[in-house]
Number of protein chains: 2
Amino acid sequence: MKKVEIGHGSGGRLTKELIENLFLKHFDFPELKSLQDSTYLPGHRKIAITTDSYVVRPRFFPGGNIGKLAISGTVNDLTVSGAVPKFISAGFILEEGLPIEELESIVSSMAETAKEAGVSIVAGDTKVVEKGSCDGVYINTTGVGYLERELSPEHAKPGDVIIVTGYVGDHGIAISIAREGFEVETGVESDCAPLSSLLVPLFNVEGLRWMRDPTRGGIATVLIEFSEASNLGVRLYQDKIPVREQVQFVCEMLGYDPLYLANEGKAVIVVSEEHAEEVLKILHSHPLGKNASVIGEVTEGEGVTLVTSVGGERRLELLEEDPLPRIC
Amino acid sequence: MKKVEIGHGSGGRLTKELIENLFLKHFDFPELKSLQDSTYLPGHRKIAITTDSYVVRPRFFPGGNIGKLAISGTVNDLTVSGAVPKFISAGFILEEGLPIEELESIVSSMAETAKEAGVSIVAGDTKVVEKGSCDGVYINTTGVGYLERELSPEHAKPGDVIIVTGYVGDHGIAISIAREGFEVETGVESDCAPLSSLLVPLFNVEGLRWMRDPTRGGIATVLIEFSEASNLGVRLYQDKIPVREQVQFVCEMLGYDPLYLANEGKAVIVVSEEHAEEVLKILHSHPLGKNASVIGEVTEGEGVTLVTSVGGERRLELLEEDPLPRIC
């Protein structure tokens, strides 16, 4: 590790190395150790906090833009941590020469998405750098929520059910197509959306163990992390994982695996077998969860095993390289 | 307003326009309206939140680096708002090719400064962009603190005393010299420091009205903002404002006004005349406040008037142009 590489931003193995060998070496604060999406803070009322910087390229894409993404992503990080999102701060780094019209369109998407998610944008900051010193606009959003339900990979047990709330890989493919300017008309849009209204009702389900939004690195990466943190195995069934036909088609064309593609409006949920039906019922009653499916189960052992369509078995590993940098 | 200009990041008039005419038009959340450094959030225990992105150039300078600055600046924003800083999130945008050694030096400064300030870094995020898509490293820090003392420009009254905690302009001049690679050996270092241990003891002083850290735009800009928000005037005495000889010298050489230069380890304080001595005593007992001085007073009327060394009077106005972009 001598210089920062694009792969350090992948969310995969190199990111993990950078975080563990550099950031955590110095940031020796107990609150930071869990490496979940949000950190719980002590206080009279328990609050959760999460931060993300957004550098997505291009900044406008089918289904959204960097502003909608910056609110959705942070809302989702809080929600999957068992917190009701309440407050968001927004820090902008703007490139000299950015058309104000574009900035306004981004800011207006943020306001709309915040309202949809029920969060208030309560603090802001704007910095401007010279032309060539950033790519249009980068946005940091930091979210604060009230913790309602303590969720943890350590709550999981063998036999628990794994659910995904809808089609996987849409965001990755939408960005990829927008970026490369393909002529193909796939109709695939990013799934970018705030999930608080879908997921907060699950906080009352007794057997709910853990949730995560599978962004960078896709459902494969978050389940590998779940497996490590829970000391349990995961078994996924390829045939049960919802992938749009067009997404599968583009993946085959470009050599992507939809299980590793980023999603920005999906959650992976681990729930007791007993309460899986209750979770599915709640999800199916919401437009953002109508395609929710059981995709696998928690097992004894370790690692994530994919049972393929032809009945073979494949172990899923963290990606070394980032197939799509700057996806969020 | 068609395109983003460097001046939109100045903290002066253009920044104000961008915030009022664009961000606040869309971000119509009551918590955001006060435009103070931190926003107070309701809850069982009142918390304050603040966010800042740091893009300082160069990222290492005499007296500090972007990491020390990113912690100090956010700690100071919370403290001057009457909150005890507790938690900080850190979002990194890294340029491909950044030497890991530099990153580590920045991260280790952040850890050290956080410890000095008594805050925990509790959430983090890392993004990497391609070479040429950012300038080495940009850092967002968002801070959460427990509100201990409600401070507001509206608490001020004519006759109140204005105090600055030490020499002004050091950070601006240190950056300017580091950037331009002057041969002059001025010995001026950035004052970059977390002020929580200096300022939190003031929360118990009865007549304390308002505090602010004079970063971008210097003491002139924060006092103009104070004057607008309080509907009162400010009278400053040039001879009473502590400016180092070397800073004055470089200012005269380069055409800067030290009153508009950024500080990263100073506070401007408004306190009742009755309690000014108590504040000065507390400040003088701390290494970061030993040069604290009374520099003026609050008056009826409006705007900021500077009484010059030769006895003339000059009205201070918000700067249109940024003499030193990317100062923080």
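The values are calculated or read from the model by the stated rules, or taken from the named source; none is laboratory data. Just so it is clear, the model here is predicted, and its values are computed rather than measured. Glycine gets a Cβ as well: all are built from the backbone with ideal geometry, and neighbour counts include every protein chain shown. For accessibility, only protein heavy atoms count, side chains too; no ligands or nucleic acids. Shrake-Rupley method; radii C 1.70, N 1.55, O 1.52, S 1.80 Å.
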Residue check, A:Ser293 open to solvent by 60 Å² or more (accessible area, probe 1.4 Å) and away from chain B (no Cβ under 14 Å): no
Total residues in segment A:175-207, condition open to solvent by 40 Å² or more (accessible area, probe 1.4 Å), outside any helix (DSSP H, G or I) and at pLDDT 95 or above: 2
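If I filter segment B:175-187 for residues that are more than 30 Å from A:Ala48 (Cβ to Cβ) and under 16 Å from the mean Cα position of the chain (by Cα), do I get at least one hit?
Looking for residues that are more than 30 Å from A:Ala48 (Cβ to Cβ) and under 16 Å from the mean Cα position of the chain (by Cα), one finds at least one in segment B:175-187, hence yes.
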All positions within segment A:153-167 that are assigned to a loop (DSSP other than H, G, I, E, B) and out of contact with any strand residue (DSSP E or B) (no Cβ under 6 Å at 6 or more places or on another chain): A:Lys157, A:Gly159, A:Thr165, A:Gly166, A:Tyr167
Failed criterion for A:Val56 (all others in (1) modelled with pLDDT of 70 or more; (2) open to solvent by less than 60 Å² (accessible area, probe 1.4 Å); (3) outside any helix (DSSP H, G or I); (4) within 7 Å of chain B (Cβ to nearest Cβ) hold): (4)
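State yes or no: is A:Glu277 at pLDDT below 95 and farther than 23 Å from A:Gly73 by Cβ?
No, not satisfied.
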Selected residue (criterion: farthest from the other protein chains (Cβ to nearest Cβ)) from residues of segment B:120-174 that are charged (D, E, K, R) and open to solvent by 20 Å² or more (accessible area, probe 1.4 Å): B:Lys157
Every residue from segment B:199-239 that is touching a Phe, Trp or Tyr at 6+ places or on another chain (Cβ under 8 Å) and of a type in the set (Phe, Trp, Tyr): B:Trp210, B:Phe226
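On the basis of being farther than 29 Å from A:Thr186 by Cα, crowded, with 19+ Cβ neighbours inside 10 Å and either modelled with pLDDT of 95 or more or assigned by TED's automatic domain parsing to the domain that holds A:Leu208 (or both), does A:Ile224 make the cut?
yes
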Residue match in segment A:83-91 (condition: in contact with a Leu (Cβ under 7 Å, 6 or more places away or on another chain) and in contact (Cβ under 8 Å) with a residue 60 or more places away in the chain): yes
From the options B:Tyr138, B:Tyr146, residue that is among the aromatic types (Phe, Trp, Tyr), within 18 Å of B:Arg326 (Cβ to Cβ) and out of contact with any helix residue (DSSP H, G or I) (no Cβ under 7 Å at 6 or more places or on another chain): B:Tyr138
B:Ser105 vs. criteria open to solvent by 10 Å² or more (accessible area, probe 1.4 Å) and either more than 16 Å from B:Asp191 (Cα to Cα) or within 11 Å of chain A (Cβ to nearest Cβ) (or both): yes
Subset of segment A:233-263 (residues that are among the charged types (D, E, K, R), out of contact with any Asp or Glu (no Cβ under 9 Å at 6 or more places or on another chain) and either within 20 Å of A:Cys192 (Cα to Cα) or open to solvent by less than 70 Å² (accessible area, probe 1.4 Å) (or both)): A:Glu245, A:Asp257
Candidates B:Glu102, B:Glu116, B:Glu95, B:Glu112, filtered to the one that is in contact (Cβ under 8 Å) with a residue 60 or more places away in the chain and not assigned by TED's automatic domain parsing to the domain that holds B:Ser196: B:Glu116
